[in-house]
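Read the figures in this text as sums done on the coordinates, not as results from a lab. Being a predicted model, the structure only gives us computed values, none of them experimental. Because the Cβ atoms are built from the backbone with ideal geometry, glycine has one as well, and the counts that use them run over all protein chains shown.
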Amino acid sequence: MTDYGLKRYFGFDRFLAGQREVVGRIMAGESAAAIFPTGGGKSLCYQLPAMHLEGITLVVSPLLSLMKDQIGFLEAKKIPAARLDSSMGREAYQAALQGAVRGRIRVLMVSVERFKNERFRGQLKRMQVSLLVVDEAHCISEWGHNFRPDYLKIPIYQKEFGIPQVLLLTATATPKVVEDMSAKFGIARQNVFATGFFRSNLHLRVRSAPEDRKKAVLLEALQEEPSGPAIVYVTLQKTAEAVAQYLISRGVDAKAYHAGMQTDVREEIQNRFMGGSLDTVVATIAFGMGIDKRDIRRVIHYDLPKSIEGYSQEIGRAGRDGKVSLCTLIGNRSNVSLLENFVYGDTPELSGIRHVLEVIKENDGRRLDVRLYRLSVAADIRLLPLKTLFVYLEMDGILKPRYTYFESYPFKPIKGEEEITAAFSGERRRFVETIFRHTKAGRTWSHPQIDRIAEASGSERSRVLAALEYFDEKGWIALQPKTSVDVYEIVKRDFDADETAGRLFELFRQKETMDVARIHAMIALFEGRECLAIKLSRHFGEAIDRSCANCTFCLTGKPASLVEEPLPAVRRADLQNGLQELLDAAGGPVSADLAARFLCGITTPRLTRLKARRLSGFGRFEKHPYQEIRRLAQGKERV
């Protein structure tokens, strides 16, 4: 039985569970899906076939840190691989792009947003892509815990660019999500491989503690055997800082890690932890994706995770070496409303949806140019739900996506106009002269007028962009496109705005209800009268035939009970003062939802523009239920 060069390329003596079957299907020219637990070896399922396939393997990955880790691993194995992302310098980006176009690399990693990039799309047409890999593939399903609307376009991109095979990878997909994502790519059931979620070396513990005792319980949990590296997960950035400081004061070698830190600081902390010179990281979920440290002995949830899927993914980072590791939840119900409030913040207001529909109705002609950031502020809808709204409008037959372009293509000249023009002759020279004739030269940056160049030369817009790309490749200019614009065709204009807005709003409300239910399903898991490992595995469609004998329920015979502390009463004066601050900043009345979001510490584009975080009332009631604060705010005269 062939090992497909497993030992030669990667130095491994044997496949992990499921890897051989998935690799075999890919090598046979078929598409497949691998649902393996965190640390189960999903990446090898594309890395090994990439060494045999004729063209390159294009990997869609959701996180930059995950891309960097995977590229680092492949480079260490002397396997040609590259990534494309906005953090790269011009030379590195061009080298990666040309390596892919010329077939010099085996693996190219990109984000899903890269497909909307007009420059990248042009270059992708020049590449020979044999396999499209979708990492974190559960993001394509609206039933999943981390739905990303841009993922819904990936099957369209596969067809558009003629990519013959697809491999879907995920660690956290329920049976319903697996069925949904496989159907979207037409993957046969027999080509879906799941290896199970139960790992006997992970000992699941639940320790109930009130807020004022959590730090002390955390310290106890960190001192339990087995000793070794630990990740402590928290919900908020400020909690990460506070808990890390507490641990340091108690002699623990700890650092905070969250998305609010500078990139170089985060990288230093991650490198120290991976290298073994830092024992404990106190982190938001920004830390961990792509982390492949074999000897993590403890994963501790200081706050409740956001879902069973998130919990499963996070504890899966422990014990990848197969040795016993503790996964401890320090639980109470104080943060339940905080988690729910994150969900409520992603539900657009009815007025915001109506605003988007009016923009469509009032647009002249069939072409609609959408500048997402600008529309996000105008409609006061966060970017992710705004993207979801446009997906709903596509599904409703109102809009049809066409392409994405950059509003401007400024470049920094490296060589002079005359020197560049002299490199061409005949019609091509006249075309280049037209480009420079319709380019406004600044002190540092020059601004080509793309549409005017196309009109003056009688060429397609794509030819103008291809010329600028060529100049950039040759090192004659440094091209830096600005401001992406999504172009849609308005297919149906005679829709009823009120009826459509109400119906789409209801879709968001249904999603909101589903996401809140996930939080309570997770609490039910921790408080259940059954082995935690059995309940967790069942959630992901796996039936294990015996109890784990090591979780809290198995050891005590009793279900955990997460303590619930009474919240302080909402003082009328605090509510009124907070609302008055918001009304003064807004210069007039606001909706009950905006008031509740302000008081619960939920950001929106409008609140960001009003600099609401600087006001003392922002987040004053962040631990109170959103619906309660909304009801109280709605009762105030001036709201």
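Below 19 Å, Cα to Cα, which lysines can Lys412 reach? Residues fewer than 8 away in the same chain don't count. Straight-distance partners of Lys412: Lys440, Lys474, Lys482.
For segment 511-565, GluC sites (Glu not before Pro) meeting the loop criterion (DSSP other than H, G, I, E, B) and having at most 10 other Cβ atoms within 10 Å: none.
Taking trypsin sites (Lys or Arg not before Pro) across segment 20-101, the ones in a DSSP loop with at most 14 further Cβ atoms lying within 10 angstrom of their Cβ are Lys77, Lys78.
Reducing segment 29-62 and segment 472-505 to their Cα centroids gives an inter-centroid distance of 31 Å.
Legend: ranking of residues His203, His624 from fewest to most surrounding C-beta atoms inside 10 Å; resulting order His624, His203. Bridges between two residues of the chain, per DSSP, are antiparallel at a rate of about 30%.
What is segment 509-636 by shape, rounded, prolate or oblate, if you read a ≥ b ≥ c off the alpha carbon gyration tensor as root eigenvalues and call it rounded for a/c under 1.5, prolate for a/b larger than b/c, and oblate otherwise?
Working: a/c = 3.69, a/b = 2.56, b/c = 1.44.
The shape class here is prolate.
Segment 551-609 and segment 182-215 have Cα centres spaced 29 Å apart. Footprinting exposure proxy ranking of Lys214, Lys7, fewest other C-beta atoms within 10 angstrom first, gives Lys7, Lys214. Taking other C-beta atoms within 10 Å as the exposure proxy, Val23, Val134 rank Val23, Val134 from fewest upward.
For segment 325-402, the set of trypsin sites (Lys or Arg not before Pro) satisfying both a DSSP loop assignment and a count of at most 12 other C-beta atoms within 10 Å is given as Arg366.
How would you classify segment 572-634 from its alpha-carbon gyration tensor, with a ≥ b ≥ c the square roots of the eigenvalues: rounded for a/c under 1.5, else prolate if a/b is greater than b/c, otherwise oblate?
Rounded shape, in that the Cα axes give a/c under 1.5.
For segment 1-135, what relative contact order do you get, as a whole percent, if you take Cα pairs closer than 8 Å and at least 6 residues apart?
28 percent
Taking a sphere under 15 Å around the Cβ of Ser61 and counting the other residues whose Cβ falls inside, with K and R at +1 and D and E at -1, yields a net charge of -2. The residues packed around Asp396, meaning those with a beta-carbon under 9 Å from its beta-carbon, carry a net charge of +1 if Lys and Arg are +1 and Asp and Glu are -1. Rounded, prolate or oblate: which fits segment 517-569, taking a ≥ b ≥ c as square roots of the Cα gyration tensor eigenvalues, rounded meaning a/c under 1.5, else prolate when a/b beats b/c? The shape class here is oblate.
The residues neighbouring Leu536, those whose beta-carbon lies less than 12 Å from its own, together hold a net charge of 0 under the Lys/Arg +1, Asp/Glu -1 convention.
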